[in-house]
Amino acid sequence: MTDSDSLSLRIAIDQLVSVGEDHYAIWVLESPFPGGYVHHDCPLDDELMGIWQSWREFFSLRGLPNVPHVPSAYVPQFVLEDSLAAMLPKTDQPGSRTSRLMQGMGIALWRWLFSGVIQQSMERSMGMAMGQDKPLRLRLELRTPKLINLPWEVMQAQAGRPAVSLSQKILFSRTTSAVDPLPPFELDHALRVLLVLGQDVPDPSGTENRRDQGQVLQLQDEAQVLTNILEQGTSGIGRGAFNKVHCQVHALVEPDPAAMIRELESGQYNIFFYAGHGVPAPDGGLLFVRSGNPLNGTELAQVLTRCQIRLAVFNTCWGAQPDQRDRQVIPRSSLAEVLLHHGVPAVVAMRDSIADEEALSFIQLFAQQLAERKPVDQAVAIARQHLLTLYRFNQPAWTLPVLYMHPDFDGAILEPVQEDVTRIPGEEYSQQGVALRYVENPTAVWPIHDGFMRIGRLPDNDLVISEPWVSSRHAEIFCRNVFEAGTVQPNYFLRDASRYGTYYYLEGQWHHVHRDEVPLSLGMRVRFGSKEGQPMEFVIE
């Protein structure tokens, strides 16, 4: 599923065990030009590790395992200031120390990674991307677990330049080569999300970090909040509305793992979203989906891969954190890595604890960008920019989401908009703006794309209605083009295929249609399955 038009630079880092503990090999595995496949060996930079030590003390919200050798357990303040002064201009602005530390960490990471021939390969790749007016996909593969916890997302070339994960000219993600080729799959016409809310109390072992202690999640309310955020973020209102698709969400609250797996297998979901408690563990962590019945990451990976989930999102504080034993990081043990190694195309997880309001802000804009048909890596970058705007550069919120992508995945989940469709002379574009919307909630809008919509309870419908009187495949709305006075006029019809029928309001009263079709006119109201159902109306937006 690699996009033949995209430019990609994939870089791998591994430890040179035979040379020494702190020596690493950096090489380019994929380049947009033949001479870009280069290799560079270098020791771990003491200056980088000193800044990392201070950065971790300021910005880590939970205890992290020790990563590569730090020259001393204590980095003298004057050494840190000298390092930052060499990279950044002096400023006396309030809060400048944390901003300087954030920038210093990013610049130190960039300088260490992009040195020598690696820098030359990067610069030429960026030049090619700029010349072709395309983003460059930068994918980083960390083959040694010692470097997993470093905040690579904050890398920046120099002071005043954006961090690599905030840029839309460079789309950054982490990746791995130790995966099977991605099987081909068709792009979808809608976002279909299975939302799973896990156990509503912290893990009794006490291993969850202190920001979660004493907080009992109100799961039913949280499920509704998350559902509303996902659906409202893709409501089709506003700029670019007709390029959007709607996000259909099915929520499970504290499900039995077997029930969750059955739902994944019975529906046709393309996104899996989990919010709840859990802990790191060697097999991808433990998700406390239901009290007394945890699910490990490897078990989840098997079912997500089998059900062809394109994207997994985890609103947890540990999803991108590897497990550790005796203060040593266990390779390929984070939930995100395990899912990627099993073949899930894209995983978004958190590097550290994230506050509820931060997570919800990220999720809403991320869903909105996906609904506008942005690739996953670009959607993450835009949502990350939103976090930075809301919570400031010198706060860790924008650094927390970590994106892992399969090397064959180009980030596309939805079909692109067909902008060059040949049309019959006289045909109007107005049919693109036809939609169904709730009468009582006019912001909940479902555009009817390409003159066709499927309605029912199953998640593979274009409009999913969970009311008990609605059938699995209840009805269809379709368009017939009719020539009138030398022009093409779109005429819409509702075809009922349900058990209980559909009600429509015409000439001051409700009428019933069952296993038949009826023409739709603008402003007509319908109820699916029962007169008690929520009324919807047929409109042009």
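The strands (runs of 3 or more DSSP E) falling completely within the range 1-51 include none with 1 or more residues that are outside the structural domain of Met105 (by TED's automatic domain parsing), free of Cβ contacts under 8 Å to residues at least 40 places away in the same chain and surrounded by fewer than 18 Cβ atoms within 10 Å (Cβ to Cβ). Annotation note: Cβ proximity below 6 Å between a residue of the range 116-143 that is closer than 28 Å to Val329 by Cβ and without any contact (Cβ under 8 Å) to a residue 40 or more places away in the chain and a residue that is β-branched (Val, Ile, Thr) and part of a helix (DSSP H, G or I) (sequence gap 6+ or interchain) occurs for no pair. Of the residues in the range 321-332, not one is in contact (Cβ under 8 Å) with a residue 24 or more places away in the chain, out of contact with any helix residue (DSSP H, G or I) (no Cβ under 6 Å at 6 or more places or on another chain) and closer than 21 Å to Leu166 by Cβ. Taken over the range 391-432, the criterion of being charged (D, E, K, R) and modelled with pLDDT of 50 or more is satisfied by Arg392, Asp408, Asp410, Glu415, Glu419.
Looking across the range 1-20, the residues that are out of contact with any Leu (no Cβ under 6 Å at 6 or more places or on another chain) and modelled with pLDDT of 80 or more come down to Ser8, Asp14, Gln15, Leu16, Val17, Ser18, Val19. For Gln378, the test of being over 16 Å from Ala336 (Cβ atoms) and surrounded by 24 or more Cβ atoms within 10 Å (Cβ to Cβ) is failed. On inspection, Leu264 passes the criterion of being part of a helix (DSSP H, G or I), under 19 Å from Pro459 (Cα atoms) and modelled with pLDDT of 90 or more.
Look at the range 386-400: where a residue is under 11 Å from Ala355 (Cβ atoms), no partner that is surrounded by fewer than 17 Cβ atoms within 10 Å (Cβ to Cβ) and acidic (Asp, Glu) sits 6+ places away or on another chain with Cβ atoms under 8 Å.
Among the residues of the range 261-315, those identified as polar (S, T, N, Q) and surrounded by fewer than 21 Cβ atoms within 10 Å (Cβ to Cβ) are Ser266, Gln268, Ser291, Asn293, Asn296, Thr298, Gln302, Thr305, Gln308. Quick check on the range 317-339. Is at least one of its residues over 16 Å from Leu150 (Cα atoms), in contact with a His (Cβ under 8 Å, 6 or more places away or on another chain) and either at pLDDT 95 or above or surrounded by 18 or more Cβ atoms within 10 Å (Cβ to Cβ) (or both)? Checking the range 317-339: not a single residue is over 16 Å from Leu150 (Cα atoms), in contact with a His (Cβ under 8 Å, 6 or more places away or on another chain) and either at pLDDT 95 or above or surrounded by 18 or more Cβ atoms within 10 Å (Cβ to Cβ) (or both). Looking at the range 161-174, can you tell me whether even one residue there is touching an Asp or Glu at 6+ places or on another chain (Cβ under 8 Å), among the hydrophobic types (A, V, I, L, M, F, W, C) and part of a loop (DSSP other than H, G, I, E, B)? Yes - at least one qualifying residue is present in the range 161-174. Candidates in the range 175-205 are the residues that are small (Gly, Ala, Ser) and at pLDDT 90 or above; of these, the one that is surrounded by the fewest Cβ atoms within 10 Å (Cβ to Cβ) is Ala178. Only one entry in Ala475, Ala444, Ala497 is touching a residue at least 60 places away in the same chain (Cβ under 8 Å) and of a type in the set (Gly, Ala, Ser), namely Ala444.
Of everything in the range 387-408 that is surrounded by 18 or more Cβ atoms within 10 Å (Cβ to Cβ) and in contact with a Leu (Cβ under 6 Å, 6 or more places away or on another chain), the residue that is farthest from Leu101 (Cα to Cα) is His406.
Conditions (1) farther than 23 Å from Ala190 by Cβ; (2) surrounded by 14 or more Cβ atoms within 10 Å (Cβ to Cβ); (3) among the acidic types (Asp, Glu); (4) touching a His at 6+ places or on another chain (Cβ under 6 Å), marked per residue:
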{"site": "Pro442", "(1), (2), (3), (4)": "no, no, no, no"}
{"site": "His449", "(1), (2), (3), (4)": "no, yes, no, no"}
{"site": "Pro459", "(1), (2), (3), (4)": "no, yes, no, yes"}
{"site": "Cys479", "(1), (2), (3), (4)": "no, yes, no, no"}
{"site": "Glu507", "(1), (2), (3), (4)": "yes, no, yes, no"}
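Within the option set Phe366, Phe314, being within 13 Å of the chain's Cα centre (by Cα) and either under 24 Å from Gln199 (Cα atoms) or at pLDDT below 90 (or both) holds for one residue only, Phe314. Applying the condition of being touching a helix residue (DSSP H, G or I) at 6+ places or on another chain (Cβ under 7 Å) and not in a helix (DSSP H, G or I) to the range 335-350 and asking which residue is nearest to Pro322 (Cα to Cα) yields Ala349. Restricting the range 351-399 to residues that are aromatic (Phe, Trp, Tyr) and in a helix (DSSP H, G or I), the residue that is farthest from Gly106 (Cα to Cα) is Phe366.
Among the aromatic types (Phe, Trp, Tyr), touching a residue at least 40 places away in the same chain (Cβ under 8 Å) and not in a strand (DSSP E or B), is that true of Tyr274? Against the criterion (among the aromatic types (Phe, Trp, Tyr), touching a residue at least 40 places away in the same chain (Cβ under 8 Å) and not in a strand (DSSP E or B)), Tyr274 does not qualify.
The values are calculated or read from the model by the stated rules, or taken from the named source; none is laboratory data. What you see is a predicted model, and the numbers here were worked out from it, not measured in a lab. FYI the Cβ positions are ideal-geometry reconstructions off the backbone, even for glycines, and counts take in every protein chain you see.
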